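Here's the structure we're looking at; comments come further down.
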Amino acid sequence: AYDTISAARKKGVPLEVIYEEILAKVMYEIGSLWHRNVITVDNEHYATSVTQTVMSGFYDEIFEKPRKDRTLVSCAVGNELHEMGIRMLSDILELNGWDTVYLGAALPESAILEAISANKPDLVALSVTMPPYLATCEGVVQAIRAKHPGLKIAVGGQAFASTSGLWEKWGIDFYSSS
């Protein structure tokens with residue numbers, strides 16, 4: 001996997017394309033296979049681990065770019081354990097000169113608010129993959145708005161795919177399904 005992705009990068013395929021058109025699509029397929037019981041959870045976790053290892057191989061390139069004096073705080077909210085999408089977003093913004101504070105998976109509201117206060121970001125990005133965590137995300141958004149009213153907030157993830165614009169009702173600044 002690493003050799004294939006490295007060869008694509010050496011041929012000039014932009015990192016954004018590798019993340020979105022290859023790695024993300026592979027992970028969507030892995031998730032679908034798991035959901036349909038074609039593969040077991042250990043297979044899904046192994047594929048996730050391999051993909052994360054491939055992504056970490058780009059960190060020298062990602063973190064060497066000139067800074068733009070912009071900061072992102074990002075995470076998967078509540079008990080959400082699926083973090084690869086938000087990690088990809090963080091990597092791409094870091095590649096484009098942002099300083100990113102990637103908090104990972106399963107972040108409680110209090111920790112997110114604490115990280116915002118400590119890092120004073122320009123943008124907070126929240127990810128939700130599993131629909132049961134949408135209500136938690138809404139609560140986090142409301143708490144951020146109450147404590148940091150002018151802060152830009154982005155949400156995204158597969159959980160929003162079938163919500164008919166739910167994010168619009170939350171007063172979100174940016175949304176992406178991917």
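Some values worked out for this structure:
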read-out: Of TRP98, CYS75, PHE58, farthest towards positive along the dipole that unit charges on Lys, Arg, Asp, Glu beta carbons give the range 22-129; value: TRP98
read-out: Partners for LYS65 among aspartates and glutamates (Cα-Cα distance below 17 Å; same-chain residues under 8 apart left out); value: GLU16, ASP91, GLU94, ASP99
read-out: Computed [θ] at 222 nm, deg cm²/dmol, the chain (DSSP H ≥ 4; -39,500 (n - 2.57); rounded to nearest 500); value: -13500 deg cm²/dmol
read-out: Cα gyration tensor shape of the range 50-100, rounded if a/c is under 1.5, else prolate or oblate by comparing a/b with b/c; value: oblate
read-out: Environment charge at ASN43 (Cβ cut-off 13 Å; Lys +1, Arg +1, Asp -1, Glu -1); value: -2
read-out: Span-rule helices in the chain, defined as complete DSSP H runs reaching 18 Å or more along the axis (Cα) with Kyte mean at least 0.0; value: 134-147
read-out: Tensor-based shape of the range 33-144 (alpha-carbon gyration tensor, a/c under 1.5 rounded, otherwise prolate or oblate); value: oblate
read-out: Estimated D of the range 94-170 in µm² per second, where Rh is the Kirkwood radius over Cα pairs and Stokes-Einstein applies at 37 °C, 0.692 mPa s; value: 249
read-out: Cα-projected label distance for HIS45 with PHE63, points at 7 Å along beta-carbon direction, nm; value: 2.7
read-out: Tensor-based shape of the range 1-93 (alpha-carbon gyration tensor, a/c under 1.5 rounded, otherwise prolate or oblate); value: oblate
read-out: Lysines whose Cα lies under 21 Å from that of LYS25, excluding same-chain neighbours fewer than 8 positions away; value: LYS10, LYS11
read-out: The range 39-62-the range 70-143 distance, computed between alpha-carbon centres (Å); value: 19
read-out: Relative packing of peptides 97-105, 60-68 - highest average C-beta neighbours within 10 Å first; value: 97-105, 60-68
read-out: Peptides ranked, highest mean first, by Cβ atoms within 10 Å: ranges 4-11, 26-33; value: 26-33, 4-11
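Read-outs throughout are calculated quantities, based only on the coordinates presented, and are distinct from any laboratory measurement. The model shown is predicted, which means the values in this text are computed figures rather than measured ones. Please note: Cβ atoms are built from the backbone with ideal geometry, for glycine as well, and neighbour counts cover all protein chains shown.
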